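Colleague: Before I ask anything, let me first share the structure, which is written out below as structure tokens.
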């Protein structure tokens, strides 16, 4: 059983070292943490960006082709092939039923025989409280030619309750692509520095994340195509376990009819945690993309994930994994969506694995030309299991439900505003992680 993390780095299987050393850049989606505070809904876009081509003209010129040529007149902040789009937004949220000073919960996590145990000391249970959250986010997006764009947004977050810590968060992203003959290439680089209360940790958690995603596609003939993706995702969390995730996913696709396509895929990954048990996994998946009618679209993927726990007595596990996306337009201005997923990943806590299943149903309605209304309800279950020991033990289980209603509009061409109301409830079998919160707020933004 692994105890000293650094002493066993050389014991990864040869295929893992070879595969991920060769890939270098990779790209994979990791499980998304569940924040305690509801983010204000994105208001309707006050403008539409200039359409960007999916490929360089005639497949020539490389990744930064065209820089140095001037844009057409009329853009307010344009220089040659660069277009600068400043923006600013202000968000206000009032929430109650929240756990203040939840950072005290960190001291209640005990490590026994290398396994993290969630202690349930009632004296450390943080009381429910209320707070006002104000967020100011000035941002800048830069269009680089027709195929690349860069965005940087700092966010100043202020809490009225002193048990929460005021923060300045940062996020940056560079994305784009190009083509060469029959090949299409896409690249996404992103980073974020943030501090926010998380449902999983029961604490305001400081995090740094860094990601790089690379995707390659090629159309083989009229019916067949393949796409390859690779990625890295680093997450460093203060007072909790950090994680380095390396993944690859490869698909062979066949378009059986103009409205129906299928694919088979194989993926692999390595989760290198800061302290605790490293894991490697293999995914065997299938997927379909089906446009039933002009009003109904379905995307579905699913299969089996096999996960091996390195330097641990825990046996190899096999579990289902899937993702579903359904969109239905009963009327021109009405959209109903259904999204669901199941994923497995290393937890914030040492020697813990988090299995998460989520389901979300949404309704979006546009009316009176300038207004957008939305309703959504979601349900999720998170199960935490020990990654050590021959006998698999469940250390914690949460169930999360939420309902959100929003209304937004755009005005003055470049301004927008939205309001929202949300009820969320997290039930946990461990003291200190459950809460029931009602939140209401608004957001205003202006941007080019």
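Colleague: Going by how many other Cβ atoms sit within 10 Å of their own, how do 235, 173 line up, fewest first?
Modeller: Listing 235, 173 from fewest to most nearby Cβ atoms yields 173, 235.
Colleague: Cut-off is 10 Å between beta-carbons; in what order do 181, 198 appear when sorted fewest neighbours first?
Modeller: Ascending Cβ contact count within 10 Å gives the list 181, 198.
Colleague: For the residues 444, 279, 249, what sequence is obtained by ranking on other C-beta atoms within 10 Å, fewest first?
Modeller: On the way: 444 16, 279 24, 249 21.
Fewest-to-most Cβ neighbours within 10 Å comes out as 444, 249, 279.
Colleague: Calculated FRET efficiency, residue 391 and residue 260, Cβ-Cβ r, R0 41 Å, to nearest 0.05?
Modeller: The calculated FRET efficiency here is 0.35.
Values quoted throughout were computed directly from the atomic coordinates according to the rules given, and no laboratory measurement underlies them. None of these values were measured; they are calculated from a predicted model. Quick reminder, even Gly has a Cβ in these numbers, built from the backbone with ideal geometry, and neighbours come from all protein chains shown.
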